[in-house]
Amino acid sequence: MAEITATMVKELRERTGVGMMECRKALVETSGNVDEAIKYLRERGITKAESKSQRATKEGIIFSYIHFNNKIGVLLELNCESDFVARTEEYRALAQEIALQIAATNPLAISAEDIDPAIIEREKEIARNKALNEGKKPEFIEKIVEGNVRKFCAENALMEQELIGDEKMTIKELITNAIAQTGENIQIARFTRYQLGE
């Protein structure tokens, strides 16, 4: 059987929008054939989430979470396509899981693209200067900077973050799975995190 590499999993994820674990499983089932893995996922309805991600989300809920110590609070607007889905227990559970993530990690933005470019530039400069101070070879510095910025975005963009309760899944994958289960597009519209004294 062909070895399933991280590059193969990444390619399948990019082409389908499906979570890492599902992609790996599909590649194992199809002996590493990416096209066959896409077919495998489609036959199981797992890639349906990809086509739904463009549909309008005009319903949903404003979910509020107050941490047990009453010192951190989160307001989250989570949108979907129908009031029917918005009223389900599963949808509220999804909103709660996302709100808990925001409370715990204090992300800067929903996605990496939404992070202030000035902050990204600052991180690039810090990474570049650190690499120079450590005596890294000039030809490696840009790759090091790129890697540091990618790591920074993964830690500070909500959609890229690993779940606090399951490090094998990101918030993006959590939502993709919910889209596949509900049959509706689901999107985080906005959030605000409050901390006492800030």
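Bear in mind these aren't lab numbers, they're just calculated from the coordinates by the rules spelled out. Only a predicted model underlies this, so the values are computations on that prediction, with no experimental measurement involved. Don't worry about glycine lacking a Cβ; one is built from the backbone with ideal geometry, like all the others, and counts go over all protein chains shown.
If the only charges are +1 at each Lys and Arg Cβ and -1 at each Asp and Glu Cβ, what is the size of the charge dipole of the chain around the Cα centre, to the nearest 20 debye? Intermediate results must be reported in sequence, preceding the final value.
Values: 28 positive and 34 negative charges, 24 e Å.
Roughly 120 debye, rounded to the nearest 20.
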Distance in nm between pseudo-label sites at E134 and I164 (7 Å out along the Cβ direction from Cα): 2.9 nm
Over the range 6-46, equivalent-ellipsoid semi-axes from the Cα gyration tensor in Å: 13, 11, 8
Span from the the range 155-185 Cα centroid across to the the range 76-154 one, whole angstrom: 13 Å
Charge-dipole axis of the chain as Lys and Arg at +1 and Asp and Glu at -1 on Cβ define it, positive-most pick from C23, V145, I62: V145
In order through the range 98-111: 3J(HN,Hα) via Karplus (6.51 cos²θ - 1.76 cosθ + 1.60), integer Hz, x for Gly, Pro: 5, 5, 4, 4, 4, 4, 6, 10, 6, x, 7, 7, 5, 10
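Quick check on the chain: helices-only [θ] at 222 nm, where DSSP H runs of length 4 and up contribute -39,500 (n - 2.57) each and the sum goes over total residues. Nearest 500, please. Don't skip to the end; give the middle numbers.
Details: 9 runs with 105 residues, N = 198.
Calculated from helices alone, the mean residue ellipticity at 222 nm is -16500 deg cm²/dmol.
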Listed pairs K25/K168; K10/K39; K39/K151 exceeding 21 Å between Cα atoms: K39/K151
